[in-house]
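Here is the structure we will look at, set down as structure tokens.
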Amino acid sequence: MAVEEHLNSIEIIAPPKPPPPPRLESPFNTKSLGDLIEHSKSQPKPKKLIGGLVYLHEQTMLFSPTGLGKSLLAFQIALCACTGEDLNLGNGVVLENEVGKVNTLLFDFELSNSQLIERMGNLVPPDNLYISKIERGKILEGSPEYIFKLLRQEAEDVNARFIIVDNISKIGSDLEKGDSAKKFMSPLWDLARHEGYTILVIAHTAKMDKRFPITADSLGGSSKLGQLADALIGINEVNSREGGMVYIKQIKTRNNAKLYGKNNVICTQIKEAENGFVRHFCYKTCHEDLALSDYKISEQNLGDKIHALASQLYYGSFNKAASEVNISNSTLKQRANALKEKHYDVYKNITKMNQEQLMNQIKLHSPKTE
């Protein structure tokens, strides 16, 4: 008994606890689901500056192969931001401006003054759209951080809160490396998130085959450029008999669904308006595969096959479609079946279209004669 009491009276001393390891610098922000929902509710709803393409206080990258009208689209965006108007591309595609008038500064490293004036036609320029060019004989040089400080300084001078840079090659070099991409994107984030600017940067693509879909991987430079951007807009060539036909595609957005993603790209033709202003006009929306295959296949009656299937789906049956489009039931059925057998990808994409998209296909491919 005495031995047991002695053992019970012995104080057991535990070894001291080691200090916790120092915390690593972490990119994560962890919250409970409830806290995350409440925090999101307390935040103001993101405002559209140009539909779902450009949101207020975000940085967006617009890119395409050379000569497909990315500078034209950026200029149309700039005009609508300045005037507070929606960007009406035509054919029912209207990109809403929820913000109103925003002073805009376009850094134009591409066009000469005479080229810019020629594109404007008789359009009256808004007072709050500013164009900044490098003075003749001077060079823009320095780190991306330094150059963005210069851009902000110019924007502050004219009280502009929307900055468009045409194009990235004049600011960033060696952007195929991840570290350089981070150094380029970091000041963009600072301007957008901490200083209340909205940024649109025009970029180039890596060498790509325009017969294939445009994706984030098509953006020139490091993949981190696309990963760190709030939004990505791509422009690629429509495979058509006519020149100046392209499609605009939402590749990435942080807000809502991609209304104009691969299932519903905006096909436009670049031409002069009545006032002489050169711009993008929408002539249809469709699946990206259809934009790429409009005339890619050397089969002259592919359009007839697309028209037949779209008519059957739109009107609900071959019988009803035949009376509406004045083509025999058997001919429509034969064409639709041929499309399914020979061009299944095109066939499948058409079957996913809504009524408005189907009617666009019927109008676009309507045969002049049976």
Looking at (1) among the β-branched types (Val, Ile, Thr); (2) under 30 Å from residue 282 (Cα atoms); (3) at pLDDT below 85, which is the one condition that is false for residue 54?
-> (3)
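Residues in segment 139-158 that are in a loop (DSSP other than H, G, I, E, B) and either farther than 18 Å from residue 168 by Cα or modelled with pLDDT of 95 or more (or both): how many?
Quick first cut of segment 139-158, residues in a loop (DSSP other than H, G, I, E, B) only: 139-143, 158.
When the remaining residues are screened for being either farther than 18 Å from residue 168 by Cα or modelled with pLDDT of 95 or more (or both), the result is 158.
Of the residues in that region, 1 qualify.
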Here the residues within segment 87-126 that are in a loop (DSSP other than H, G, I, E, B), touching a helix residue (DSSP H, G or I) at 6+ places or on another chain (Cβ under 9 Å) and free of Cβ contacts under 8 Å to residues at least 24 places away in the same chain are 125
Selection within segment 113-122 - open to solvent by 50 Å² or more (accessible area, probe 1.4 Å) and modelled with pLDDT under 85 | 113, 114, 115, 117, 118, 119
Evaluation of residue 105 against (1) surrounded by fewer than 21 Cβ atoms within 10 Å (Cβ to Cβ); (2) modelled with pLDDT of 95 or more (one fails), failing number = (1)
Do we find a residue being of a type outside the set (Phe, Trp, Tyr) and touching a Leu at 6+ places or on another chain (Cβ under 8 Å) anywhere in segment 254-263?
-> no
Restricting segment 258-273 to residues that are touching a residue at least 40 places away in the same chain (Cβ under 8 Å) and aliphatic (A, V, I, L, M), the residue that is surrounded by the most Cβ atoms within 10 Å (Cβ to Cβ) = 266
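Looking only at segment 202-215, which residues are at pLDDT 90 or above and over 23 Å from residue 240 (Cα atoms)?
202
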Condition check for residue 188: assigned to a helix (DSSP H, G or I) and crowded, with 21+ Cβ neighbours inside 10 Å = yes
Within the set of pairs 6 or more residues apart or between chains, which connect a residue that is at pLDDT 85 or above and crowded, with 19+ Cβ neighbours inside 10 Å inside segment 279-295 to a residue that is assigned to a helix (DSSP H, G or I) and among the acidic types (Asp, Glu) with Cβ atoms less than 9 Å apart?
-> 285/356
In segment 213-234, which residues are surrounded by fewer than 17 Cβ atoms within 10 Å (Cβ to Cβ) and touching a Gly at 6+ places or on another chain (Cβ under 6 Å)?
-> 216
Some residue of segment 144-156 being of a type in the set (Val, Ile, Thr) and open to solvent by 20 Å² or more (accessible area, probe 1.4 Å) | no
Selected residue (only one of 240, 169, 180 is of a type outside the set (A, V, I, L, M), touching a residue at least 24 places away in the same chain (Cβ under 8 Å), more than 27 Å from residue 46 (Cβ to Cβ) and crowded, with 17+ Cβ neighbours inside 10 Å) = 180
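The values are calculated or read from the model by the stated rules, or taken from the named source; none is laboratory data. Please read all numbers here as calculations on a predicted model, not as lab measurements. So basically every Cβ, Gly included, is an ideal-geometry build from the backbone, and we count neighbours across all protein chains shown. Areas reflect the complete protein model, heavy atoms only, side chains present, ligands, DNA and RNA absent. Shrake-Rupley method; radii C 1.70, N 1.55, O 1.52, S 1.80 Å.
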